[in-house]
Amino acid sequence: MPSGMEIRELKASYGANQVLKGINLDVHRGKVTALIGPSGCGKTTLLRCLNRLSELTKGANVSGHIRLEGQEILDMDPMLLRRQVGMVFQKPNPFPMSVRENVLYGIKAAKLAVDQAEVVKASLGKAAIWDELKDRLEDNAFRLSVGQQQRVCIARTLATSPSVILMDEPAAALDPSSASKVEASINSFRGDYTVVIVTHNMQQALRVSDYTVFLFLGEVVEFGETAQVFNDPQRPETREYIAGRFG
Amino acid sequence: MRPLLNSAVPTRPAAPARPKPARLAWTKLLNAAAPAVSLATALAALAGACLSLAQNTAPALAIVELVVLSVAQQVLFLYIYLRFAKWDFKVALLALLSFAGLVVLYVMPEYLTGWQFNAVVHRSFFAAVWLMAMAIPAMMCAIYYLAGATPRAEDYAHYPLVLVPVGLALAVYVVLIGQLVLQGLPNLTWQAISKPYFSYGWPIKVFVGGDWPMWSSELRTSIGLLYYLQGTGLLMLLTAVISLPIGVGAGLYLSEYATGILGSLTRFAVTALRAISLLILGLTAFSLTDLSSGTPLASLLHGRYFDGFVWQTSSGGSFLAASIVLSFLVIPLIALATEEGCRSLPPELREGSLALGASDETTLWRIVLPWSLPNVVTALLLGCAEAAGSVAVLMFIAGRGDYGVGPFSQVTSLAYAIFIIWFGDQQFKGSMGPFLFTAGVLLMIITMGMGIAAMLTKRWLVRRHRGG
C-alpha cells in the first residue's frame, strides 16, 4: 500500500555546510514525484533524509519534521523505517550472492514469513527482468551486466513491499535500452507505490513523473504537477533551469 | 661520422639493385658476432664465479676467464666504434677492470690475513666476486648491442640485472630443499610415519610359582614419528580453535567500533604481541605451567599420562597450555587480516544492506564477514603453519610424547622432535637419529602444504564471496 509523506521545515547540514535550508513539501500517495535541480542543490541529501541514510555520514545534523502517514520519521527506529521506505542507488550495488539471495535479502533480514519463490518471481517481474533471469536465479549477481544489476536492485527493494520507493538517478549509469526498461517499471509502480525520483534528465522527469519539485541552493523553488512546472513555470529560476541556461 | 662497417640496413635511399639475401644473412651474422662472443664469455664468467664459490679451484680457471673476458670486451669496443661510430667507454672500462682483476689474482697468495684485515680473504672468494662483478655488466652491454642498440634494446639489456640475482636465489632455495629431501627421503617409510616413539615400562602381572600374582614391568618400545605428526596436527587445530574467535572479534572491533584511546590501545596491544621474542613466549609457557602446579588448573595445563596404575601429572605442559601461548602469535595475524578485509568492503554494499532495513548485526554476518572471509582463512592457515614450526615456544614444556597425544597430554610436535633428536639424550639419539631429516621433510611438506592451501582457498573464497 502506498503512503504519502509530509516534509516540514526540514534542515540538514554536514558539519558547517548547511545543505537544506528549510524544505516544505508534500509527497502524494501513489504518485511519482521527481526532484530536479542543478548539481549540489541538495536533491540527494533530501532523498537520503527520507530514509535516514543521511545519519550514516559523520557530522550530519537533521532537524525538522518528516511524516510518513502521520508518523514522525525522526522518532522511529531507522531499521523499521527503512523496511517501509526503500531506496535504489545511482550505481547498482547488488550483493555478491546469487540473484535469488539478493532479492530475498530484505525479507530474510526482517524475518517475514512469505512464499519465497512467489516473492522472487513477482519482484523480478515488476522490475522487468523475470524473463531474462528465470533460469539464472543461482548466478552470482556480480556477473550480470550493469543494466541487469540495477533491475535486480529494484526487485530487491520491491520484495519487502515498501510503501515508498526512493530512487537516486536510477537510470544514470545505464545504457539506453536498460534505462527505458527501468522507466517502464517506474511507470508501472504508479498506484501501488509512492515513488520519489531524483533525476538530472528533464526529459525523464517529463516522461515518468506526476509531480515535479525544483530544488535550488537547498530550498524548494517550485513544486507542482509536472505538466504545469515544465510548460508554465511560475518562478524565473525554474524557467532558466528548464531552458537549460544553467545546470 | 659515417659507420665504416656494412650495416644490415641500407643507410641510403633504396639503391637500384637490392643486396642478395645470402649476403644480407652473412652481414647480419658478422654484426652479431662480436656481441655474441662477448655474451658467451660473460656467461662463462658467471658460471666460473659460481664454481669458485662452490669449490676451492685453482686460480687458473678464473684467470683464463678474465683474460678471455678482457679480450672479448676490447673486440666489442672496436666493433662498436666501427658499426655505430661512437666510443663506448663502459666497455673499455670493463676490459680494463677484467685485466686488473686477473693481475691481482695472479699475484695474490692463497690466503690473505694481517695488515688491517681481521679476516681471511680467500683467493677463490675474491675470484668469485670479481667474476660476478664483471660478468653482469658485460652481459648487459653484450645484450644491448646484440639487440641493435635501440631504446628497446636498453630494456632487454636490464634483464641480467634482475634475472641473475633471482636465479642465484632460486638456486640457493633449490639446494637447501634438495639437501633436505635427499637426506630425509630414504628414511621416509610407512614404518616411520605409522609407528610412534615410546620407551617406557608398563606394569604387567606375572605369576610366579603357583597362583601368587606379582607386579613386574616390561619395557615397551617403538620407533617412529607418528605421535609427532599427530602432535603437530593437534597443535595446529587447538591453536586455530582458540585464536579464530578471539582474532576475528578483535579484528571486527578494530574496524567497526574502535574509536579514540581504547581503539588505539587495542591496536597497539594486538600489533605488539608479534614483537615479543619467541623465547620470552617460551618462558611464558613455562611460567603458565609452573605456576599452576598444585592448583586445579594443573589438570588442564600440565601434561598427564597413565602409567598403568594411575594418572600422573608430569611437570611439562599440555597441548592446551602450548596452544594458549601460540595463540598470542596467531591472534594478531587473524585480527589484522580481518580488519583489512572489513575495510576493503565497498561502502555501497553496506549502505545497500542498511537501506533494505537490515540491522547492523545482520549486515555484519551476511555482508561484512563473508567479504573478509578470504583474508581470515588465509591468515588462519598461515598462522597454523607458524604454530606447526615453532620450537622456541614449546621447548621448555614439551616432551618426547611417549604416552600419546591429546589436549591434556604433554605437548610434542615434529619441530620439537627435530630439536631433541639433535640435543636429546643418547638413547633417543640412537634410535631416532636417522629420522632427523625425515622429520624435517615431513614438517616442510606440512608447512608448504598449508601455504599452498592458503593460496588456493583464498582464490576460491574470493570467487565465491566477492563474485571475483
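Amide H of A:V220: which non-local residues (sequence gap of 5 or more, or other chain) have their own amide H closer than 5 Å, using H built in the peptide plane?
Answer set, sorted by chain and number: A:N24.
Top mean-square fluctuation among A:T212, A:T44, A:T33, Gaussian network model of chain A, C-alpha springs under 10 Å?
Residue with maximal mean-square fluctuation among A:T212, A:T44, A:T33: A:T44.
Give the span of the range B:369-440's Cα atoms along each principal axis, as three whole-Å numbers ordered largest to smallest.
Answer, in whole Å and largest first: 53, 27, 18 Å.
Relative to the present Cα-Cα distance, how much length would full extension add between B:A272 and B:W26 at 0.36 nm per residue of separation?
On the way: separation 246, 0.36 × 246 = 88.56 nm, distance 6.82 nm.
Taking 0.36 nm per residue and subtracting the Cα distance, the gain is 81.7 nm.
Using only DSSP helix segments of four residues or longer, with each worth -39500 (n - 2.57), what per-residue ellipticity at 222 nm results for chain B after dividing by its residue count and rounding to 500?
Rounded to the nearest 500, it is -22000 deg cm²/dmol.
Express in whole angstrom the spacing between the alpha-carbon centres of the range B:240-316 and the range A:55-132.
Centre-to-centre distance over Cα atoms comes out at 44 Å.
Averaged over all directions, how much area does the convex hull of the C-alpha atoms of the range B:224-465 cover when projected, in nm²?
The directionally averaged projection comes out at 15.7 nm².
Rounded if a/c is under 1.5, else prolate if a/b is larger than b/c, else oblate: which is the range A:1-98, with a ≥ b ≥ c the root eigenvalues of its Cα gyration tensor?
It is rounded, given that a/c, with a ≥ b ≥ c, falls under 1.5.
Which of the listed residues, B:L254, B:G48, B:G233, is farthest toward the dipole's positive end in the protein assembly as shown, when Lys, Arg count +1 and Asp, Glu count -1 at the beta-carbon?
It is B:G48, whose Cα lies furthest towards the positive end.
According to a simple spin-label model (label point 7 Å from Cα along Cα-to-Cβ), what is the distance in nm between B:L163 and B:F309?
Label at B:F309, label at B:L163, 7.3 nm between them.
Nearest 500 deg cm²/dmol is fine: what mean residue ellipticity at 222 nm does chain A get from its DSSP H runs of n ≥ 4 alone, each adding -39,500 (n - 2.57), divided by its residue count?
When only DSSP H runs of four or more count, the value is -10500 deg cm²/dmol.
What spacing in nm lies between the two simple spin-label points modelled at B:T189 and A:H65, each 7 Å away from Cα in the Cβ direction?
9.2 nm
Please work out the FRET efficiency for the pair A:A184 and A:E55, using the Cβ-Cβ distance as r and a Förster radius of 35 Å; give the result to the nearest 0.05.
Computed FRET efficiency for A:A184 and A:E55: 0.55.
Cross-link candidates for B:K429: which lysines have Cα within less than 18 Å, leaving aside residues fewer than 8 places away along the same chain?
Output for B:K429: B:K195.
Over chain B, consider all pairs of different Cα atoms and compute the Kirkwood hydrodynamic radius from their mean reciprocal separation; express it in Å, one decimal.
28.8 Å
Taking 7 Å along the Cα-to-C-beta vector as the label spot, tell me the B:T221-B:R459 distance in nanometres, rounded to one decimal.
4.9 nm
Using the structure shown, select from A:K21/A:K181; A:K21/A:K108; A:K21/A:K126; B:K28/B:K86; A:K11/A:K91 the pairs with a Cα to Cα distance greater than 30 angstrom.
A:K21/A:K181; A:K21/A:K108; A:K21/A:K126
For the protein assembly as shown, what class follows from the C-alpha gyration tensor (a ≥ b ≥ c being the square roots of its eigenvalues): rounded when a/c is under 1.5, otherwise prolate if a/b is larger than b/c, else oblate?
oblate
Where in chain A lies the longest segment free of trypsin sites (Lys or Arg not before Pro) that are both loop residues by DSSP (not H, G, I, E, B) and have at most 16 other Cβ atoms within 10 Å?
A:137-244
If R0 is 30 Å, what FRET efficiency do you get for B:S359 and A:R207 from their C-beta distance, rounded to 0.05?
Taking R0 as 30 Å, the efficiency between B:S359 and A:R207 is 0.20.
Computed from the coordinates by the stated procedures, all read-outs in this text should not be read as laboratory data. Being a predicted model, the structure only gives us computed values, none of them experimental. With ideal geometry, Cβ positions are generated from the backbone for all residues, glycine too; neighbour counts draw on all protein chains shown.
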